[in-house]
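K.L.:
Okay, here's the structure, questions in a sec.
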Amino acid sequence: GPKDTPRWFNKSYLEKLTAPHMKRAKQTLPEAKKKFLEGLPHEYSFFVTVNLIDSSGNKENVFIKVIRWDNNEIIGILSTKLQSTKEYQFGQWLTIPEDEVIDWTITSPNGEEEGNFIGKFLDSYYEQND
């Protein structure tokens, strides 16, 4: 999956920082979905980012590799090694409603990414503030 650098944030601070990027991701999701459904080039992958919440209330941002997209239901494989949500496991198959998607990423074989608005913003933010 896409490169992921887990970091800890104050929840309300994170939501304020990422809100415009999440909005952009949601606005462009229909076009990205269309690309996926029409078929991506060989060795390209499509990921959605969602928040998983376990029964203890632990919440974690994760990548899910999309395998199938039926109407408004996404079926995919959990592609993030988890830090706090212990009820899920890397490689687990999940079914996610489309309206839970907060970001999307298309990866190419050479590592280039399209989308990943929140992740790119956070990487840039940390480069400037570390």
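K.L.:
Please compute the length gained on full extension between SER55 and GLN89, using 0.36 nm multiplied by the number of residues separating them and subtracting their Cα-Cα distance.
P.N.:
Extra length available between SER55 and GLN89 comes to 10.8 nm.
K.L.:
Could you tally the net charge around ILE96, taking each other residue with its Cβ under 12 Å from the Cβ of ILE96, Lys/Arg +1 and Asp/Glu -1?
P.N.:
Charge balance in the 12 Å sphere: -3.
K.L.:
What are the ³J(HN,Hα) couplings of segment 110-121, residue after residue, when phi is run through the Karplus curve with 6.51, -1.76, 1.60 and θ = phi - 60°? Round to Hz, x for glycine and proline.
P.N.:
Rounded to whole hertz, the list is 8, x, 5, 10, 10, x, 6, 4, 5, x, 5, 4.
K.L.:
Quick check: at a probe of 1.4 Å, how many percent of the accessible area of the chain sits on carbon and sulfur atoms?
P.N.:
The computed percentage sits at 48.
K.L.:
Another question about this same structure. As a test of the formula, what do you get for the chain when each DSSP H run with n ≥ 4 contributes -39,500 (n - 2.57) and the sum is divided by the residue count, at 222 nm and rounded to the nearest 500 deg cm²/dmol?
P.N.:
Estimated from H runs of four or more residues: -11000 deg cm²/dmol.
K.L.:
Go ahead and run the numbers for FRET between ASN72 and LYS23, Cβ-Cβ distance against an R0 of 22 Å, rounding to 0.05.
P.N.:
Efficiency, rounded to the nearest 0.05: 0.70.
K.L.:
Right, something else. Once mean projected area of the Cα convex hull in nm² is worked out from the coordinates, which option in (i) 7.7; (ii) 8.1; (iii) 12.1 does it equal?
P.N.:
Given (i) 7.7; (ii) 8.1; (iii) 12.1, the structure-derived one carries the label (ii).
K.L.:
Suppose all protein chains stay in the model; what accessible area per residue would a 1.4 Å probe give for the chain, in Å²?
P.N.:
62
The values are calculated or read from the model by the stated rules, or taken from the named source; none is laboratory data. Small disclaimer: the values here were computed from a predicted structure and weren't measured. So basically every Cβ, Gly included, is an ideal-geometry build from the backbone, and we count neighbours across all protein chains shown. Surface accessibility is based on the protein's heavy atoms, side chains included, excluding ligands, DNA and RNA. Shrake-Rupley method; radii C 1.70, N 1.55, O 1.52, S 1.80 Å.
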